[in-house]
Amino acid sequence: MATGQLARGGRGADHTILMASPGHTIGPVIYKKLPYEPVKDFKFIRNIIEIPNVMVVPADSPYNSVEEFIEAAKTKEMTFSSAGIGSSIHMSGELFKTMTGTQMTHVPFRGSGEALPALLSGDVDVSFENMPTVLSHIQSGKLKALAVTSKEASPYLPDVEPLSKIGADLGLGEFVTTAWFGLIADDQMSDQAVQTLQTALDKVMDDQGFKDFAAQIGGEPASEEGDDFRDYVAEDVQRWQRVAGQAELN
């Protein structure tokens, strides 16, 4: 979270700006007494970057496809790891469970730094990890990527299909989750200040340095700003409300 000063009518105005992520939409559906509403209490400036999760299994896993994994998970209980309760990794796993009717036990860790060794060693069966965490291990052969969770295939894993396309006949046709990062502000920020930030961010995102950074973490520039970003966040809240209800997390 950062605090800055923007010109408004010749005078300085202090605002609090937050780099929001899926935690902004997941937290309110799990924790009922938060002192804010995730949509109506904020101004939405711009979504900046989206990073897919990757459905990965250990290198020695007997499952080489999404279809094989689902078939096995309907007859035996699997385990899936995450970086913690309420993370996009955790909720992606819960969404997979509800959409496929499989039984998987969630094994939360204190961050991906602890979750990754358990996955690499085969202590857990599967994870829906953020791409930056697992990309090098997929490329080295230490993990097998069964699918990406973005709407389209990632240019960083071009041979790995989206889960929504692989699983279209398995009830996963609407499965799309990403780790998104965008700027939001307190609801008192003026429209002029929002526009000023949007213009500045457009220039930053058009810079080659930003594009190189996005490539390093396996991300894609996002496109939503203003009301479109607000709608994007509102839809994310509604989706996680359904998942949390089905998984009895709230």
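The values are calculated or read from the model by the stated rules, or taken from the named source; none is laboratory data. What you are looking at is a predicted structure, and each value in this text was computed from that prediction instead of being measured. Every residue, glycine as well, gets a Cβ built from its backbone with ideal geometry; the counts of neighbours run over all protein chains shown. Keep in mind that these areas ignore ligands, DNA and RNA; they rest on the heavy atoms of the full protein, side chains included. Shrake-Rupley method; radii C 1.70, N 1.55, O 1.52, S 1.80 Å.
Summary table below
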quantity: Condition check for Ala200: in a helix (DSSP H, G or I), surrounded by 12 or more Cβ atoms within 10 Å (Cβ to Cβ) and out of contact with any strand residue (DSSP E or B) (no Cβ under 6 Å at 6 or more places or on another chain); calculated: yes
quantity: Selection count where residues are part of a helix (DSSP H, G or I) and open to solvent by less than 70 Å² (accessible area, probe 1.4 Å), scope region 231-250; calculated: 10
quantity: Ile138 being hydrophobic (A, V, I, L, M, F, W, C), within 21 Å of the chain's Cα centre (by Cα) and open to solvent by 60 Å² or more (accessible area, probe 1.4 Å); calculated: no
quantity: Matching entry among Pro58, Pro62, Pro35 (being modelled with pLDDT of 95 or more, over 21 Å from His106 (Cβ atoms) and of a type outside the set (S, T, N, Q)); calculated: Pro62
quantity: Residue count, region 76-105 (criterion: closer than 14 Å to Asp125 by Cα and open to solvent by 40 Å² or more (accessible area, probe 1.4 Å)); calculated: 5
quantity: Scan of region 157-174 for residues that are open to solvent by 60 Å² or more (accessible area, probe 1.4 Å) and in a loop (DSSP other than H, G, I, E, B), ordered by number; calculated: Pro158, Asp159, Glu161, Glu174
quantity: Among (1) modelled with pLDDT of 95 or more; (2) among the aliphatic types (A, V, I, L, M); (3) closer than 25 Å to Arg239 by Cβ, the one test that Ile166 misses; calculated: (1)
quantity: Exclusive hit being open to solvent by 20 Å² or more (accessible area, probe 1.4 Å), in contact (Cβ under 8 Å) with a residue 40 or more places away in the chain and of a type in the set (Lys, Arg), set Lys144, Lys151; calculated: Lys144
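Residue by residue, here is whether (1) surrounded by 16 or more Cβ atoms within 10 Å (Cβ to Cβ); (2) within 30 Å of Ser87 (Cβ to Cβ) holds:
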| position | (1), (2) |
| --- | --- |
| Val176 | yes, yes |
| Trp180 | yes, yes |
| Asp187 | no, yes |
| Asp191 | no, no |
| Gln195 | no, no |
| Gln208 | no, no |
